[in-house]
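Here the structure is laid out as C-alpha cells; the discussion comes afterwards.
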Amino acid sequence: MKTKELLEKNPLTTEVIRTWFFNEMVKSLSDETVPEEFKEMMKQEGVTNERLATLIDIQPRTLFDVFDENDIIIYFMIFSSPEGVRFSAAIHIGHNEEVPNPIGKQYNTRKEAELVAVEAAFELLEERLKPIELPALEEN
C-alpha cells in the first residue's frame, strides 16, 4: 500500500504520528542556530500528510519510537540464505501478546521489511485507538 493511502485509511494513527513528528520538530527547532523565520514557517505549516508520507518512505524506522510508546513493538529477524542476507519482522503488542507475523516472508532489504511492518503496525494501532461502541440501551 502506498504510504499516503495508509495515512488516509488510518486517521487516528495518522494523528498520533503527526503529533509525535510535530513535537520532535519543535524540539529540533529549539536549536539557536536555526533562523527564527524558518522556525515560524515550520510551526505554521505543521506536518502535512504529504510531509509525513515522505518522512515515512525515506526512513520508516523513525516510527518505531511512536509504536513503542503505544506498546506495539516491531522486531526483526535476519536470515542467511543462499541468496544472501534476508530480513523479516514480527510484532508484539503489550508485554506478552504476540501478533501473527505481519510479513510472513523474507525480504532482500531491511527497509522493505520495515515498510511492511510499519503498515501492519499502523492497522494495529488504528484498531486500538478506535472508540469502543456500546450497544444502545433500551428505554423502559
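Values quoted throughout were computed directly from the atomic coordinates according to the rules given, and no laboratory measurement underlies them. None of these values were measured; they are calculated from a predicted model. Cβ: placed from backbone, ideal geometry, glycine included. Neighbour counts: every protein chain shown.
One chain, two ends: E5 and T62. Fully extended at 0.36 nm per residue, the span grows by 18.7 nm beyond their Cα-Cα distance. Since only I56, F87, S30 are under comparison, the one whose Cα sits farthest along the positive direction of the charge dipole of the chain, derived from C-beta charges on Lys, Arg, Asp and Glu, is F87.
Hey, can you list the DSSP H helices of the chain whose Cα span along the axis is 18 Å or longer and whose average Kyte-Doolittle score is at least -1.0?
Both cut-offs are met by 11-28, 110-129.
Sorting 119-126, 7-14, 41-48 by average packing, meaning the other beta carbons within 10 Å per residue, from highest down gives 119-126, 7-14, 41-48. Here the chain is treated as a sphere whose radius is the Kirkwood value from Cα pairs; by Stokes-Einstein at 20 °C and 1.002 mPa s it diffuses with a coefficient of 126 µm²/s.
Taking the beta-carbon count within 10 Å as an exposure proxy, list S30, S88 from fewest neighbours to most.
Lowest to highest Cβ neighbour count: S30, S88.
The Cα-based radius of gyration and maximum Cα-Cα distance (Dmax) for the stretch 1-84 are 16.0, 54 Å.
By counting other Cβ atoms within 10 Å of each Cβ, how are F21, F76 ranked from fewest to most? Display every interim value, and only then the final one.
On the way: F21 19, F76 14.
Fewest-to-most ranking of F21, F76: F76, F21.
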